[in-house]
1. Exactly one of (1) away from the ligand (no atom under 13 Å from the Cβ); (2) surrounded by fewer than 19 Cβ atoms within 10 Å (Cβ to Cβ); (3) assigned to a helix (DSSP H, G or I); (4) not aromatic (Phe, Trp, Tyr) is unmet by LYS79. Its number?
2. Return only the number of the condition from (1) on the phi > 0 side of the Ramachandran plot; (2) surrounded by fewer than 22 Cβ atoms within 10 Å (Cβ to Cβ) that GLU130 does not satisfy.
3. In the list GLU55, GLU26, which residue meets the criterion of being away from the ligand (no atom under 16 Å from the Cβ) and part of a loop (DSSP other than H, G, I, E, B)?
4. Which members of the range 88-138 meet the condition of being away from the ligand (no atom under 16 Å from the Cβ) and assigned to a loop (DSSP other than H, G, I, E, B)?
5. Among LEU289, LEU305, LEU226, which is in contact (Cβ under 8 Å) with a residue 60 or more places away in the chain and on the phi < 0 side of the Ramachandran plot?
6. In the range 96-123, which residues are surrounded by fewer than 20 Cβ atoms within 10 Å (Cβ to Cβ) and within 19 Å of ASN292 (Cβ to Cβ)?
7. For the range 184-200, which residues satisfy the criterion of being within 13 Å of the ligand (Cβ to nearest atom) and of a type in the set (Ser, Thr, Tyr)?
8. Look at ILE181 and say whether it is modelled with pLDDT of 95 or more, part of a loop (DSSP other than H, G, I, E, B), within 16 Å of the ligand (Cβ to nearest atom) and buried (at least 23 other Cβ atoms within 10 Å of the Cβ).
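The values are calculated or read from the model by the stated rules, or taken from the named source; none is laboratory data. All values derive from a computational prediction rather than experimental measurement. In this analysis, Cβ positions are derived from the backbone assuming ideal geometry, glycine residues included, and neighbour counts consider all displayed protein chains.
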Amino acid sequence: MLYLDNSATTRIYDEVLEALLPFLKEEYGNPSSKYYLLAENAKKAISTAREKVAELVGCDPEEVIFTSGATESNNMIIKGVADQYPEKGNHIITSKVEHPSVIESCKHLESKGYKVTYLDVDLFGRIQPEKFEQTVRNNPPLLVSLIWGNNELGSLNEVEQIAAICKNHNVLFHTDATQIIGKVKFNLSLIPGIRFLSISGHKIHAPKGVGVAIIRKHDIGKKTQLTPLIHGGGQEDNYRSGTLAVHNIVGLGKAAEIAMREIDNTINKLLVLEAFCKELLVMKFGEQLIFNSDTGNKIPGLLNLMITGVNNQRFIIKHAEKIAISTGSACSSAKPSEVLIAIGKSDQEIRSTLRITLSPDIELSDLKVILDL
Ligand code: PMP
């Protein structure tokens, strides 16, 4: 069976597993404990992982806050900022194509009296920066949360432009970078308008249950404050209490190191795989095939497509022994995709839509299985 659902999750790399295993076995110290070797080793391992993540995204290690995943990072940032800055008003700007962890956090805040603008998107699911700026000007928000690379369509938002607008208007900006890490190059130190960024481990061949919230320092060198989602012993500089999942964090650190080391190879390989995959799909499905994804300015290796006349769920079940693919996001598979509704797809089109997401550890020849479907 060929696994082609790498936006849902990825296989843990052997190198990652080897790095984390000692922290499930002999190195079981609590990094918050003091003085003895087991505690110091755990502390050192956390510190190395923090440095690797910081290097990958281009920030200061102190700005890396470990969480349980991108769902938690998104919740923590959106709810935490809303709670921390009542004087900045009650308007939040997001879009109609965000991950459910962003949309549902915003809906929760709406139920508490916040006003949320869910921006419309273009045919590929992108925000138009000019319209965005107009919304900011008309009703300055306390927070903007916009996805960097869409998890269903792969389209990249003009995040640098959006960040510049936010900086000009002195607005806090959060972006969910979960799907672009290791596949799109960026450097946060060159994009000062981004105040918050979310990442997940299991999308980059690290374990599930670990992620990061990047909380940037502002001009006076202090990290932006927010109300914690989880109160307790004050770990992670008081942003996120709870004993650190050392093994998971070590795994994420190793995956970040690999992502950084391999990023050029990864991008090139994904582009080659994607081109071949498209060719095979055209050969197999001909005129029935319509691509929903854009051809450029997107996450490499993510294809969203329609096979007209085919029911997506039946298709996936029928071919489950040969390939693993999805109808869209794994997070909201029970409901019709809000992302596809937002780009104007009909019910029937949505029911024919499939998402294929590649990984650099796939060989070109593996993809020929598409011809056997
Ligand atoms: N944001 C995006 C864009 C995602 O694709 C996902 C995972 N599907 C998440 C957030 C949630 O990540 P996690 O599984 O780490 O909670």
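1. So the condition that LYS79 fails would be (2).
2. Status for GLU130: all satisfied but (1).
3. Values: GLU55 fails: part of a loop (DSSP other than H, G, I, E, B).
It is GLU26.
4. Once the filter is applied, which keeps residues that are away from the ligand (no atom under 16 Å from the Cβ) and assigned to a loop (DSSP other than H, G, I, E, B), the range 88-138 yields GLY89, ASN90, LYS112, GLY113, TYR114, ASP120, ASP122, LEU123, GLN128.
5. Checking each option against the conditions leaves just LEU226.
6. LYS96, ASP120, ASP122, LEU123
7. Those that are within 13 Å of the ligand (Cβ to nearest atom) and of a type in the set (Ser, Thr, Tyr): SER198, SER200.
8. Working: modelled with pLDDT of 95 or more: yes; part of a loop (DSSP other than H, G, I, E, B): yes; within 16 Å of the ligand (Cβ to nearest atom): yes; buried (at least 23 other Cβ atoms within 10 Å of the Cβ): yes.
For ILE181, the condition - modelled with pLDDT of 95 or more, part of a loop (DSSP other than H, G, I, E, B), within 16 Å of the ligand (Cβ to nearest atom) and buried (at least 23 other Cβ atoms within 10 Å of the Cβ) - is met.
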